[in-house]
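> Attaching a single structure in structure tokens format; questions to follow.
The values are calculated or read from the model by the stated rules, or taken from the named source; none is laboratory data. Nothing here was measured: the structure is a model prediction, and the numbers come from that model. Cβ coordinates were reconstructed from backbone atoms using ideal geometry, including for glycine residues, and neighbour counts include every protein chain displayed. The accessibility values were calculated without ligands, DNA or RNA, using every heavy atom of the protein model including side chains. Shrake-Rupley method; radii C 1.70, N 1.55, O 1.52, S 1.80 Å.
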Amino acid sequence: MASLGFRPEIDPDTGESYLAVEQRGVDLLKNPLLNKGTAFSESERDDFGLWGLLPAHVSSIDEQVDRFMEQYSLKTTDLGRNIELNGLLDANETLFYRVVSENLEALVPIIYTPTVAAACARWSRIFRRSRGIYITPRDRGRMVDVLRSRPKWPRPVIVVTDNERILGIGDQGAGGMGIPIGKLALYAAAAGIHPARLVPISLDVGTENEELLDDPLYLGWRQRRLRGDEYDAFIAEFVDAVKEAYPGALLQWEDFANLTSFKNLETYRHDVLSFNDDIQGTAAMVVAGLLAATRHIGGKLTDHRVVVVGAGSAGIGIRDQVAAAMVAEGADPDVAAGRIFVLDSRGLIVEGRPDLSAAKQRLAVPTAAITNWQISDHPIGLSDVVRNARASVLIGVSGVAGIFNQEIVARMARYVDRPIIMPLSNPTTHAEVTPENALAWTGGRAVVATGSPFPAVTHRDRTHHIGQANNVFVFPGMGLGALAVGAGEVTERMFLAAARALAGTVGDEMLSTGRIVPPITEAPEASLVVARAVAEQAVRDGVAEPSEDLEAQIHAAHWTPEYLPYRPA
Ligand code: NAD
């Protein structure tokens, strides 16, 4: 593997941390991992041959942040802002993460959802500089060499997509690369994973997106998607290559289509340290919100009847983790299964429904749970489910805007004092109900968390803050915790531990304003809490060695965006 060109050192005499750096002059200025731009000190300008290549004044990083934000303020569209931020990422990573860390609330929606969707859709047109690794079917037989072409720290974090189901906008071909880049930026910004450890990968196995196939500027592999055995063999070679090129790496599967997402996760989860954020991260976020909400309104999770609308990656993951959380509270597994009702586009998934695939049969609520139901129609629709089940929790991961209508929401409020309503579908226009309507139709009693950011709602003189159930509270901390203890596997219990720890960060004061998940500005603190809980659980589950000093291990794996002094290697 090519050298990274630097190594962290500590001066034995002074105890000062510094980087021993191989590059010089223009090469150093062009390396985004090492470039400090106008912040190179005078002695560094001497040591690295930088005189004449920079203006005279030596800036502090704070001055650089101010200068960048002034330029950023000139951008008039969110896509323009996204391009500007990616330009900074490609020029100076330390400054990029400093800027993002200081402006999380404003910038996370620009570097990630919702703006990243527009960036993915226009990828081949806004492309400037390559980042990450693209692997195509032409690379079969040499994937391990392809992975080695970009030097990385040992045990990196990989976010990989095959681009087929990018957010809610479908197959984006090579443009899906925007997602691994955006998610990995959040690993660094929220959990302090060093940028040299981040590896975005696009498995560019072709696309069915006709617009892209016809676009003369399209940059991807201009073929129909690889399918069937050829696709499976491609993924198998990729996983083997990851194990060989990056032993101990953490692999996050991201935005695969429904069937492949489950298949890849199940096939490789015990083989390589890996998880799927759409399935498991989302579910942990929901369980965290539910645990915080039940603490606020009283009772236990097991007391609730949970209706999940949407049986895709998110819905299935949520169903499984809510059931696991109920069992962890002491519920019998059959009782838990009878308290969670999942609907797909054809209605309630119940035992004996004739069209159920093998995967969906596993989600089916037992017929015994609906014996006494009064049903107006078959298959059983949302209205019948909410009424008969006396739903107390309603979770939307269907992508269908407005499906939680007034009749359904108001009916919930008739049976339960504090209905918990989570319209999680993204982007904003796909939300199953707006927080404003959810509160209006329940007389202000609903406890609401959303997938996209929404402003606070004032109902009868009371202001309700709307928490955004953003997975950024889970996956960066999961990565930090798993890497810090060298976990060999990501277990389901590690996600439950993450959910519980996250719920614990939602204080009573926050709950009293209506929030059941923290504001995005608290993601860095929450990530450390999640990382600790995950690491402890990994040890309990026997997938990591017991640690003498867990805190020190997490601290050692954690990076902050500051310039270290450089000395010639
Ligand atoms: P997916 O395409 O895998 O699943 C969508 C499911 O909804 C499918 O099973 C489909 O059959 C079902 N559906 C469609 N119409 C329906 C209807 N009328 N009634 C009931 N079900 C219906 O997508 P996914 O990955 O599961 O994501 C679903 C949504 O959740 C997306 O909008 C996504 O943005 C959002 N999401 C939010 C978060 C979060 O807020 N943290 C995380 C992940 C996903």
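> Please list the three semi-axes, largest first and in whole Å, of the ellipsoid equivalent to the range 96-244, using sqrt of 5 times the eigenvalues of its alpha carbon gyration tensor. List each step's numbers first, then the result.
Working: eigenvalues 126, 86, 28 Å².
Computed over the range 96-244, the values are 25, 21, 12 Å.
> With θ set to phi - 60° and the Karplus curve 6.51 cos²θ - 1.76 cosθ + 1.60, what are the ³J(HN,Hα) couplings of the range 104-113 in order, to the nearest whole Hz, using x for Gly and Pro?
So the J values, rounded to whole Hz, are 4, 4, 7, 9, 4, x, 8, 7, 10, 5.
> Here's something else I'd like to know. Tell me, rounded to the nearest percent, the portion of alpha carbon pairs in the chain spaced more than 44 Å apart. If you can, show how the numbers build up before the last one.
Values: 29312 of 161596 pairs.
Counting every Cα pair in the chain, those more than 44 Å apart make up 18 percent.
> In addition: So what are the radius of gyration and Dmax for the Cα set of the range 244-289, in Å?
Over the range 244-289's Cα set, Rg and Dmax evaluate to 11.6, 38 Å.
> Taking +1 at the Cβ of each Lys and Arg and -1 at the Cβ of each Asp and Glu, which of ASN35, SER17, PHE6 sits farthest along the dipole of the range 1-46 towards its positive end, judged by Cα position relative to the Cα centre?
The residue sitting most towards the positive pole is ASN35.
> Something else about it: Can you work out ³J(HN,Hα) from phi for every residue in the range 224-229, in order, using Karplus 6.51 cos²θ - 1.76 cosθ + 1.60 and θ = phi - 60°, giving whole Hz and x for Gly and Pro?
5, 4, 5, 9, x, 4
> What does the C-alpha gyration tensor say about the overall shape of the range 1-54? Classify as rounded when a/c is under 1.5, otherwise prolate if a/b is larger than b/c, or oblate. Walk me through the numbers on the way to the answer.
Working: a/c = 2.28, a/b = 1.23, b/c = 1.85.
Note, shape of the range 1-54 comes out oblate.
> If I histogram all Cα-Cα distances within the range 378-528 using bins 10 Å wide from 0, what percent of pairs lands in each bin?
Histogram of Cα-Cα distances, whole percents per bin: 11, 36, 32, 17, 5, 0.
> Let me ask something else. For the range 85-242, which whole percent of the accessible surface, found with a 1.4 angstrom probe, sits on carbon and sulfur atoms?
On the way: 2730 of 5560 Å².
The computed percentage sits at 49.
> Once you put a point 7 Å from the Cα of ALA106 and another 7 Å from the Cα of ALA236, both along the Cβ direction, what distance in nm separates them?
5.1
> A further question follows. Under 5 Å between amide H atoms, partner at least 5 residues away or on a different chain: which partners does ARG515 have, H built in plane at 1.01 Å?
Correct list: HIS465.
> Report, to the nearest 10°, how far helix 61-72 tilts away from the longest principal axis of the Cα atoms in the chain, using its own Cα long axis and a range of 0 to 90°.
Approximately 60 degrees, to the nearest ten.
> Moving on. So if I restrict to the alpha-carbon atoms in the range 195-262, what is the Rg, and what is Dmax, the biggest pairwise distance, in Å?
So, for the range 195-262, Rg and Dmax equal 14.1, 40 Å respectively.
> Which residue, chosen from PRO518, VAL272, ILE297, occupies the Cα position most advanced towards the positive end of the dipole of the chain, where the dipole is computed from +1 (Lys, Arg) and -1 (Asp, Glu) charges on Cβ about the Cα centre?
Checking the options against the dipole of the chain, the answer is ILE297.
> Accessible area per residue, 1.4 Å probe, Å², for the chain: what's the number? Write out the running numbers ahead of the final one.
Numbers: 22890 Å² over 569 residues.
Solvent-accessible surface per residue comes out at 40 Å².
> Using 0.36 nm per residue, how much length does the chain from ASP303 to ASP62 gain when fully extended, once their Cα-Cα distance is taken away? Please report the intermediate quantities before stating the final value.
Working: separation 241, 0.36 × 241 = 86.76 nm, distance 5.07 nm.
Gain in length upon complete extension: 81.7 nm.
> Here's another thing I want to ask about it. What full-extension length gain, to one decimal in nm, is calculated for ASP47 and LEU74 as 0.36 nm per residue of separation minus the Cα-Cα distance?
Working: separation 27, 0.36 × 27 = 9.72 nm, distance 3.59 nm.
In short, 6.1 nm is gained.
> Output wanted: per-residue J couplings in Hz (rounded whole) for the range 27-43, from phi through Karplus 6.51 cos²θ - 1.76 cosθ + 1.60, θ = phi - 60°, x for Gly and Pro.
Going residue by residue, I get 4, 5, 5, 8, 8, x, 6, 10, 4, 10, x, 5, 8, 4, 6, 5, 5 Hz, with x marking Gly and Pro.
> How high is the relative contact order of the chain, given as a whole-number percent (alpha carbon pairs under 8 Å, six or more residues apart)? Each step should come with its number before you reach the end.
Values: 1102 pairs, mean separation 80.9, N = 569.
Relative contact order comes out at 14 percent.
> Could I ask something else about it? Which value at 222 nm does the chain reach when only helices count, each DSSP H run of 4 or more adding -39,500 (n - 2.57), with the total divided by all residues and rounded to the nearest 500 deg cm²/dmol?
Working: 25 runs with 240 residues, N = 569.
Only helices count here, giving -12000 deg cm²/dmol.
> Sort out for me the Cα centre separation of the range 50-119 from the range 216-271, rounded to whole Å.
31
> Set the Förster distance to 45 Å, then compute FRET efficiency between ILE10 and ALA456 from the Cβ-Cβ distance, nearest 0.05. Present the calculation step by step, with values, prior to reporting the outcome.
On the way: r = 47 Å, r/R0 = 1.05.
My answer for the efficiency is 0.45.
> Say each of LYS263 and LYS30 gets a label point 7 Å from the Cα, pointing the same way as Cα to Cβ; how far apart are those two points in nm?
4.2
> Under the 0.36 nm per residue contour assumption, what length would be gained going from the current alpha-carbon distance of SER17 and THR429 to full extension? Intermediate results must be reported in sequence, preceding the final value.
On the way: separation 412, 0.36 × 412 = 148.32 nm, distance 4.83 nm.
Between SER17 and THR429, full extension yields an extra 143.5 nm.
> When the dipole is taken about the Cα centre of the range 72-185, and only Lys, Arg (+1) and Asp, Glu (-1) are charged at their Cβ, what size is it in debye, to the nearest 20?
On the way: 17 positive and 11 negative charges, 88 e Å.
Dipole magnitude for the range 72-185 comes out near 420 debye.
> So how strong a dipole does the chain carry about its Cα centre when Lys and Arg Cβ are +1 and Asp and Glu Cβ are -1, to the nearest 20 debye?
In total the dipole reaches around 1220 debye.
> Quick one: dipole size for the range 234-297, taken about the Cα centre, charges +1 on Lys/Arg Cβ and -1 on Asp/Glu Cβ, in debye to the nearest 20.
On the way: 4 positive and 9 negative charges, 75 e Å.
Roughly 360 debye, rounded to the nearest 20.
> Positive end of the dipole of the range 422-499, charges at C-beta (+1 Lys, Arg; -1 Asp, Glu), about the Cα centre: which of HIS459, GLY486, ASN426 has its Cα farthest in that direction?
So the residue furthest toward the plus end is HIS459.
> Give the angle, between 0 and 90 degrees and rounded to the nearest 10, that separates the Cα long axis of helix 523-540 from the longest principal axis of the Cα atoms of the chain.
Taking the Cα atoms of the chain, the angle to 523-540 is about 80 degrees.
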